[in-house]
1. What's the carbon and sulfur percent of the chain's accessible surface, probe 1.4 angstrom, rounded to a whole number?
2. Which entries in the list 129/177; 131/175; 129/175; 131/158; 163/209 go over 19 Å, if you measure between the two C-alpha atoms of each?
3. Grab the Cα-Cα distance for residue 45 and residue 314, subtract it from 0.36 nm times how many residues apart they are, and report the gain in nm with one decimal.
4. Please compute the Kirkwood hydrodynamic radius of the range 135-256 from all pairs of different C-alpha atoms, in Å with one decimal.
5. What's the FRET efficiency of residue 177 with residue 342 using the Cβ-Cβ distance as r and R₀ = 35 Å, to the nearest 0.05?
6. As a quick test, which of the pairs 50/111; 270/340; 46/308; 230/340 have an alpha carbon distance above 32 angstrom in this structure?
7. Over the range 104-145, with a single point scatterer placed on each C-alpha, what log10 of the ratio I(q)/I(0) does the Debye formula yield at q = 0.14, 0.17, 0.18, 0.33 1/Å?
8. Residue separation times 0.36 nm, minus the C-alpha to C-alpha distance between residue 207 and residue 229: what's the value?
Amino acid sequence: MAGLAMGLALAVAPAQAKAQEQQLQTIRIGTVNSIATVNNYTAIEKGWFKQYGINVEIENLDTSANVVALLATNRLQMIEGGISAAYFNALEQKMPITIASDRISTPLNHKLLVRKDLEGKVTRIADLKGKMVASNGTAAVTTYELARLLEADGGTIKDIDIKILAFPLQGAAFKNKAIDATLIIQPWGTSLVEENSAFLLADPDNHVKVRPLTIAVTMINTDWAKQHQKLISDFFIAYMRSVRDYCVALHGGDNRKEMVDRVTRTGPLKDVAFIEKYPWPARNMNGEVNMASLLDMQDFFYEQGFIKAKFAEQQLVTRQYTDNAMKVLGPVPQVNPASKIEGCR
């Protein structure tokens, strides 16, 4: 009888585990895979999402600028990526989307790179006039950054020709001389310089005046959110917990090695030494979007004719989910006081 009871227990355990898995509610997130994507994987691997009955499925995107429709039609419930004209146009078309949290903010560690064979010929930002410059999306946040960089040296966005090209393809484009320059994110920025495909011309962190510059966010489907208020509130509790973990690691905390290992397993870069060497993108530990930055982007897209309408702050962002998460989680942890890294505090 004891053997039979043991056999029944062993048979029931997997069944119970399967039943628990089936009870999980799935949230599909589209993300431009970078080191910042590790926040999702941290909450997944540590069981923080599962603790709230949430199963997160991640779909990698080339750019968030062209996939707003996937969010608006609930193919994806969230999108993580750069702020683009597509977001403001979606609001103008009354699509059910909004920004719910910051994802990347100053310091960005984006790099304005120029093809290596142009070194000595292109010595300042103004020298890019007439050149072919890559951007990862039409009227994307990189377009805004390029504009502000050019303005810092007396130019305008109309001085350059923009070629839409996903970040992973830009290395080959440099080698083929299909582009002259690019504004690119990490890890590709450092990688292209180290392999002598390009040289660093400028850093947006040193030229864009509105700071901190919030360039990437988490957007949600508002129709879906209304029907799943507890689910999305719980999601952000687990998610903001992982953001805190990330920021502690960024500043050299005790969890640094664990985070680096996770980045190599889940991100686009597999070289541990490289990840340790180059700066990680920062973010706001409370999930707050800098409204001055967002409104400046809106002004730029409007002035360039990329969007037809402008919106008030309360129409652009909701803070209810991150505010609730902060109440549940309490004060943000202190990061390494010896760290000289800006941001993520």
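1. That fraction is 51 percent.
2. In this structure, 129/175; 163/209 lie more than 19 Å apart at Cα.
3. Extra length available between residue 45 and residue 314 comes to 93.4 nm.
4. Over the range 135-256, the inverse of the mean reciprocal pair distance is 17.5 Å.
5. Using R0 = 35 Å, I get an efficiency of 0.50.
6. With Cα atoms farther than 32 Å apart: 50/111; 46/308; 230/340.
7. For the range 104-145 at q = 0.14, 0.17, 0.18, 0.33 Å⁻¹, log10 I(q)/I(0) is -0.41, -0.59, -0.65, -1.25.
8. Going from the current span to full extension adds 3.9 nm.
The values are calculated or read from the model by the stated rules, or taken from the named source; none is laboratory data. Just so you know, these numbers come straight off a predicted model, no measurement behind them. No Cβ is skipped: glycine too gets one built from the backbone with ideal geometry, and neighbour counts run over all protein chains shown. For the accessible areas, the whole protein counts, side chains as well, though only heavy atoms, and no ligand, DNA or RNA atoms are used. Shrake-Rupley method; radii C 1.70, N 1.55, O 1.52, S 1.80 Å.
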